[in-house]
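The values are calculated or read from the model by the stated rules, or taken from the named source; none is laboratory data. Not measured: the values here are computed from a predicted model. Using ideal geometry, Cβ is built from the backbone for each residue, glycine included, and neighbour counts are taken over all protein chains shown.
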Amino acid sequence: MQLQNRLEARLEEAHIKLSSLVSDLLGASARRMLKAIAEGETDPIALADLADERLRATPERLRDALGVCQELNSVYRRLIEMALEELASIDKRIDELKQAMADLLCPHADQVKRLAEVPGLSVDSVQQIIAEVGVTASTFPSERHLSSWVGACPGEEESAQVNYSRLSPQGNRHMRRILNQAANAAVKHKGSIFQILYRRYVPRMGHNQTVGIIAHKLCRLIWKILHLGAHYEEQGPQLNEACKQKRTQRMIRNLRKLGYRVELPFQSVLPA
């Protein structure tokens with residue numbers, strides 16, 4: 001983050017408005033353009049062509065923002081080059097650490113595989129989770145203890161069964177960040193139970209609180225998979241259909257109480 005802020009400041013000094021046109025200044029498209037600038041490219045058209053076609057910014061806006069590169073001082077090119085070299089060095093060290101972690105977890109490949117089956121969790125995040133809680137999460141007697149340690153559970157300011165605080169307690173910030181990222185990814189997993197729950201809760205609770213609920217459920221699921229040796233089984237579509245059936249039966253009972261005659265074979269509702 002500090003490197004990105006420094007790089008953005010240098011680009012602003014050079015009047016290169018690239019950060020306002022790309023979602024990630026350190027992403028693949030931005031890196032290609034910055035590398036070309038550092039190597040001396042001055043043509044804004046050639047620079048804009050290096051951007052990914054899925055980039056939201058139009059080629060015209062990119063060419064306009066990169067037009068200043070035709071008169072860019074060599075000092076700024078060198079500063080951009082140094083920032084990219086530092087970024088490459090950081091990426092290399094991260095890759096080495098990931099490989100070292102993977103080697104250490106090689107004897108526990110089964111746990112890694114079972115956790116990686118959960119929507120929203122990648123092999124990278126799974127390795128970080130196991131590094132934090134252990135291979136079997138044996139330190140935590142139950143999923144509630146793990147959720148409390150992570151800080152992925154609701155607040156406890158409650159009176160007369162009314163919760164006055166929806167803030168999570170303090171906990172392991174690194175684990176909570178991983179779970180929040182996983183929850184954001186899980187709700188986009190088509191047909192998963194997490195996507196169904198997200199669509200159910202978000203209209204009345206908003207995105208942030210709903211993601212917090214999903215993160216809490218993921219945390220409890222992680223404990224069951226690691227501690228109990230369970231496997232994840234996707235029951236989203238089936239559960240969704242079961243909920244529809246229960247809701248339909250409940251509506252039929254309520255209609256009958258109101259004096260309506262319901263004919264199930266034809267799914268019709270007639271006044272009594």
When the range 29-43 is checked residue by residue, the ones that are surrounded by 12 or more Cβ atoms within 10 Å (Cβ to Cβ) and either in a loop (DSSP other than H, G, I, E, B) or modelled with pLDDT under 90 (or both) are SER29, ALA30, GLU41, THR42, ASP43
With the first residue restricted to the range 108-129 and required to be in the same structural domain as SER147 (by TED's automatic domain parsing), and the second required to be basic (Lys, Arg) and in a helix (DSSP H, G or I), Cβ contacts under 7 Å at 6 or more apart or on different chains are ASP124/LYS98
Taking the range 1-19 and keeping only residues that are surrounded by 13 or more Cβ atoms within 10 Å (Cβ to Cβ) and of a type in the set (Gly, Ala, Ser), one is left with ALA14, SER19
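Among the residues of the range 69-122, write down those that are of a type in the set (Lys, Arg) and within 21 Å of LEU179 (Cα to Cα).
Correct list: LYS98, LYS113, ARG114.
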Filter pass, LEU87 being in a helix (DSSP H, G or I), in the same structural domain as SER19 (by TED's automatic domain parsing) and surrounded by 14 or more Cβ atoms within 10 Å (Cβ to Cβ): yes
Counting only residues that are of a type outside the set (A, V, I, L, M) and closer than 14 Å to ASN184 by Cα, the range 202-224 contains a total of 9
Selection over the range 173-228 where residues are outside any helix (DSSP H, G or I), modelled with pLDDT under 90 and not charged (D, E, K, R) yields a count of 3
Note on the range 91-107: residues within 22 Å of the chain's Cα centre (by Cα) and touching a residue at least 12 places away in the same chain (Cβ under 8 Å) are LYS98, MET101, ALA102
When restricted to ASP64, ASP52, the only residue closer than 19 Å to SER20 by Cβ, in contact (Cβ under 8 Å) with a residue 24 or more places away in the chain, surrounded by fewer than 17 Cβ atoms within 10 Å (Cβ to Cβ) and assigned by TED's automatic domain parsing to the domain that holds LEU26 is ASP52
If we keep only residues of the range 48-66 that are aliphatic (A, V, I, L, M) and modelled with pLDDT of 85 or more, then the residue nearest to ILE37 (Cα to Cα) is LEU66
